[in-house]
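Participant: Before anything else, here's the structure in question.
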Amino acid sequence: MDSILVTGNGPVNGQIPIAGAKNACLTLMPATLLSEEPLTLTNAPRLSDIKTMTALLQSLGAEVSSLQDGQVQAMSSHDLTSQTADYEIVRKMRASNLVLGPLLARFGHAVVSLPGGCAIGARPMDLHVEGLEALGAEIELKDGYLYAKAPGGLKGAVHEMRFASVGATENIVMAATLAKGTTVLKNAAREPEIVDLVECLRKMGAQIAGEGTSTIEIQGVDRLHGATHQVVTDRIELGTYMLAPAICGGEVELLGGRMRLVESFAAKLDAAGVSVTETDKGLKVARKNGRVSAVDVVTEPFPGFPTDLQAQMMALMCTAEGTSVLEERIFENRFMHAPELVRMGANIEVHGGTATVTGVERLKGAPVMATDLRASVSLILAGLAAEGETTVSRVYHLDRGYEHVVRKLEGVGAKIERIKGQ
Ligand code: EPZ
């Protein structure tokens, strides 16, 4: 297994290009199942998760070709041969469950493996099932698979979700586009990836309003047609690299970044003493004056502070002036980066869903282990500012969500290299 060697090397300066959003692409790709006509996505990120989704769609009989070095996903679901998403693929990536809504809407039946737990939590699918049952689906859990059917087709309904689940919102909205009648989804998730999905569905002929708010209204149509859609910028990659100048000093411009994607995160950085200014090319980030100050963080559904940036923010708080309390309200086990940061000299106490971080002057490089996607990059950020060398192992986690990390950080002066595993 490869590892990444980072050496503390002072301030970072320059530009980092931000790719298309992994979490938008992973819901846009299943949307191809809703139509017989081709769907093409541009600005797609080149990540292992995209390859996994490609394999899943191909296992259903869809044609998926990655053009222009993977930045374009040209797909056609004209001749699907299966409506079953196997455990072997789904267990590797939870987002595979996003084929459930489209398959059910287009074919009236689907068999999708439950994803099973992952490092950050149990990650059940009850909110997906409740929403699809509200549209008339009959769903049974057997041998770890959801057997879903809607023989007479789905019917529009008014449904309020108990929690603003991102994936459940995406599955329900996609299914509702082909249901008979009107669906009103209440307490819907408001993430930019959902806005991006709706904009793509609208280009395919769907009739939807309210995306980005807590109430989304969908008028079912008989069929959807093909489209071409550009994947929205990845706000989590954006937020991650905004932290590089915050942790190391210097000034970095994140190309493609827009303030609307990271409002609450940028506000937290501002409170910590890091300026974020929008330019015509992206977002420029730099410390306002020396050492950052500790700030408290609570993760919430969008537009609150993103859970996917909690681990990275903790790395910044490790060397902040004062004590920061980070509360993780979305996932039940998302502090596995904490013990690794402690190995680097951080002062962190975890009690249940709360981590208390007392800033130290400087971290010390050490061998550390990536435990999940966002934890892996938080350790790299810590290593950028630490004294000496940090080796981050198990970087396959990193490859799921970040393309060209070494190249992007080297480009702003970081001392970082990828070490090929045995
Ligand atoms: C999406 O996951 C993202 N993944 C996650 O990003 C992100 O952390 C999460 O939304 C929250 O923003 C993709 O978009 C592919 P949820 P999702 O349904 O849809 C519970 C990353 O690092 N829940 O909003 O699975 C669930 O257990 C990944 O890129 C239920 O209880 O998130 C969790 O505690 C990690 N029942 C909470 O809700 C359900 O039926 C949020 O889950 C569904 C979810």
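Participant: Kindly indicate which of Ala320, Ala375, Ala370 is farther than 16 Å from Leu398 by Cβ and surrounded by 17 or more Cβ atoms within 10 Å (Cβ to Cβ).
Facilitator: Unique residue meeting the criteria: Ala320.
Participant: What is the residue count in the stretch 287-317 for residues that are assigned to a loop (DSSP other than H, G, I, E, B) and either open to solvent by 30 Å² or more (accessible area, probe 1.4 Å) or away from the ligand (no atom under 16 Å from the Cβ) (or both)?
Facilitator: 12
Participant: Taking the stretch 191-222, which residues are surrounded by fewer than 20 Cβ atoms within 10 Å (Cβ to Cβ) and assigned to a loop (DSSP other than H, G, I, E, B)?
Facilitator: Selection gives Gly205, Gly210, Gly212, Thr213, Ser214, Val221, Asp222.
Participant: Let me ask something else. Please give the number of the condition Ala179 fails out of (1) out of contact with any Phe, Trp or Tyr (no Cβ under 9 Å at 6 or more places or on another chain); (2) at negative phi; (3) open to solvent by 10 Å² or more (accessible area, probe 1.4 Å); (4) away from the ligand (no atom under 15 Å from the Cβ).
Facilitator: The number of the failed condition is (3).
Participant: Does Ile139 satisfy being part of a strand (DSSP E or B) and within 15 Å of the ligand (Cβ to nearest atom)?
Facilitator: Against the criterion (part of a strand (DSSP E or B) and within 15 Å of the ligand (Cβ to nearest atom)), Ile139 qualifies.
Participant: Right, here's the next one. In this structure, does Phe331 turn out to be in the same structural domain as Ala246 (by TED's automatic domain parsing), within 16 Å of the ligand (Cβ to nearest atom), open to solvent by less than 20 Å² (accessible area, probe 1.4 Å) and part of a loop (DSSP other than H, G, I, E, B)?
Facilitator: Taking the combined requirement at face value, the residue does not satisfy it.
Participant: Count, please, the residues in the stretch 349-386 that happen to be outside any loop (DSSP other than H, G, I, E, B) and over 25 Å from Met1 (Cα atoms).
Facilitator: Looking only at that region, the number is 8.
Participant: Determine whether Gly61 is open to solvent by 10 Å² or more (accessible area, probe 1.4 Å), of a type in the set (Gly, Ala, Ser), in the same structural domain as Val166 (by TED's automatic domain parsing) and modelled with pLDDT of 95 or more.
Facilitator: Taking the combined requirement at face value, the residue satisfies it.
Participant: Could you grab me the full set of residues in the stretch 142-176 that are away from the ligand (no atom under 15 Å from the Cβ), more than 26 Å from Thr228 (Cβ to Cβ) and among the aliphatic types (A, V, I, L, M)?
Facilitator: Selection gives Ala150, Leu154, Ala157, Val158.
Participant: Which one of the conditions (1) within 15 Å of the ligand (Cβ to nearest atom); (2) assigned to a strand (DSSP E or B) does Thr277 fail to meet, given that it meets all the rest?
Facilitator: Here Thr277 clears every test but (1).
Participant: Of the residues in the stretch 85-106, how many are more than 13 Å from the ligand (Cβ to nearest atom) and at pLDDT 95 or above?
Facilitator: So the count comes out to 5.
Participant: While we're here: Any idea which of (1) crowded, with 21+ Cβ neighbours inside 10 Å; (2) free of Cβ contacts under 8 Å to residues at least 40 places away in the same chain; (3) closer than 18 Å to Arg223 by Cα is the one Asp79 doesn't satisfy?
Facilitator: Asp79 satisfies every listed condition except (1).
Participant: Also, quick follow-up: Mind listing just one residue for me: the one in the stretch 341-381 that is more than 16 Å from the ligand (Cβ to nearest atom) and within 23 Å of Lys420 (Cβ to Cβ) and, of those, nearest to the chain's Cα centre (by Cα)?
Facilitator: Met369
Participant: Sticking with this structure for a sec: It is to be established whether one or more residues within the stretch 256-277 are of a type in the set (Asp, Glu), touching a Ser or Thr at 6+ places or on another chain (Cβ under 8 Å) and at negative phi.
Facilitator: There is no residue in the stretch 256-277 that is of a type in the set (Asp, Glu), touching a Ser or Thr at 6+ places or on another chain (Cβ under 8 Å) and at negative phi.
Participant: While we're looking at this one, here's another question. Can you find, within the stretch 113-138, the residue that is modelled with the lowest pLDDT among those that are under 23 Å from Thr183 (Cα atoms) and open to solvent by less than 30 Å² (accessible area, probe 1.4 Å)?
Facilitator: My answer is Met125.
Participant: Which numbered condition trips up Thr52, out of (1) within 23 Å of Ile380 (Cβ to Cβ); (2) assigned to a helix (DSSP H, G or I); (3) modelled with pLDDT of 95 or more?
Facilitator: Every condition holds for Thr52 apart from (3).
The values are calculated or read from the model by the stated rules, or taken from the named source; none is laboratory data. Just so you know, these numbers come straight off a predicted model, no measurement behind them. Note: ideal-geometry Cβ built from the backbone for every residue, glycine included; neighbour counts use all protein chains shown. Calculation scope for accessible area: heavy atoms of the full protein, side chains included, ligands and nucleic acids excluded. Shrake-Rupley method; radii C 1.70, N 1.55, O 1.52, S 1.80 Å.
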